[in-house]
Amino acid sequence: MSDKPGDTEELITAIETPVYLKYNFTAGAATTRFLHQVRKGKLTGQRRPECDCGHVYVPARGSCAACGLATTEEVELGNKATVQSFTIVWIPIPNNPIQPPYIVANLVPDGANISFIHLMSECDNDSVHIGQRVEAVWKPEEEWDYAMDNIRYFRPLDEPDVPIEMIGRVPLSGWEGEQ
C-alpha cells in the first residue's frame, strides 16, 4: 500500500515464476544394468541371496537397505504389478503433455517387494484402489530408450485384488487371489 493519502495499489496475491532445472544423472552399476534391461523391454530387480529379508529392489539400487551389503542376484520381473498407493493429480504441469486429472501410483511389481512410481491410464480415476492389479503398456519397440518411460503407463487388470497386508510381502508371479 502507498504511504500517500488517496493512492491505492493493487494487492498482489499470486506470482508466476518459471523455474528451469538442468541436471545430469550418472547411473551407477546397478542402475545401468537395470536401464539396459528396460531398453530390451524387461523389468528387473536385484536382491542379495544371503540376506534374511530377501527383498527384491526395483529399480535396482546396488545394495540391500536392510543390511547394506551389495545386491548381486538379478531377478527378472513380469509386466504385472499391484497398486500400493496412488494420487490423482489435478494441477497442470507446464509443458507436460499429460493433462489432469491423471493417476500416479506406487506399484509393486510381481516378484518384487519394493514399489516404484509410474502412471496409470485406461481407467476411471475414481475406480483406482489399493490392491488393484495392473499391467504395463509399453511403447512400440522402435521408441525404446534407456528410460522408464518405455512403459507408457499401467492399466487395470480383471484379476482379484491383493489384500493390503500382502502387498510387497509375497512374490506374486501367478497371483490368482489364493496366496
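The values are calculated or read from the model by the stated rules, or taken from the named source; none is laboratory data. The structure displayed is predicted, hence computed values, not measured ones. All Cβ positions, glycine included, derive from the backbone under ideal geometry; neighbour counts span all protein chains shown.
Tell me, which residue of region 84-118 that is aromatic (Phe, Trp, Tyr) and in contact with a strand residue (DSSP E or B) (Cβ under 7 Å, 6 or more places away or on another chain) is nearest to residue 130 (Cα to Cα)?
Going through the qualifying residues, I end up with 86.
Output the residue which, of all residues in region 25-38 that are in contact (Cβ under 8 Å) with a residue 40 or more places away in the chain and over 17 Å from the mean Cα position of the chain (by Cα), is surrounded by the fewest Cβ atoms within 10 Å (Cβ to Cβ).
Restricting to residues being in contact (Cβ under 8 Å) with a residue 40 or more places away in the chain and over 17 Å from the mean Cα position of the chain (by Cα), the top hit is 36.
Looking only at region 128-144, how many residues end up being closer than 23 Å to residue 39 by Cβ and either at pLDDT below 95 or buried (at least 19 other Cβ atoms within 10 Å of the Cβ) (or both)?
Counting residues in region 128-144 that are closer than 23 Å to residue 39 by Cβ and either at pLDDT below 95 or buried (at least 19 other Cβ atoms within 10 Å of the Cβ) (or both) gives 2.
Quick test of your reading of the structure: residue 153 fulfils all but one of (1) modelled with pLDDT of 95 or more; (2) among the hydroxyl-bearing types (Ser, Thr, Tyr); (3) more than 18 Å from residue 39 (Cα to Cα). Name the failing condition by number.
Result: residue 153 fails condition (3) only.
Among the residues of region 47-64, is any among the aliphatic types (A, V, I, L, M), out of contact with any Gly (no Cβ under 8 Å at 6 or more places or on another chain) and closer than 21 Å to residue 118 by Cβ?
No, region 47-64 contains no residue that is among the aliphatic types (A, V, I, L, M), out of contact with any Gly (no Cβ under 8 Å at 6 or more places or on another chain) and closer than 21 Å to residue 118 by Cβ.
Mind checking whether some residue in region 41-50 is surrounded by 14 or more Cβ atoms within 10 Å (Cβ to Cβ), in contact with a helix residue (DSSP H, G or I) (Cβ under 7 Å, 6 or more places away or on another chain) and on the phi > 0 side of the Ramachandran plot?
Within region 41-50, one or more residues are surrounded by 14 or more Cβ atoms within 10 Å (Cβ to Cβ), in contact with a helix residue (DSSP H, G or I) (Cβ under 7 Å, 6 or more places away or on another chain) and on the phi > 0 side of the Ramachandran plot.
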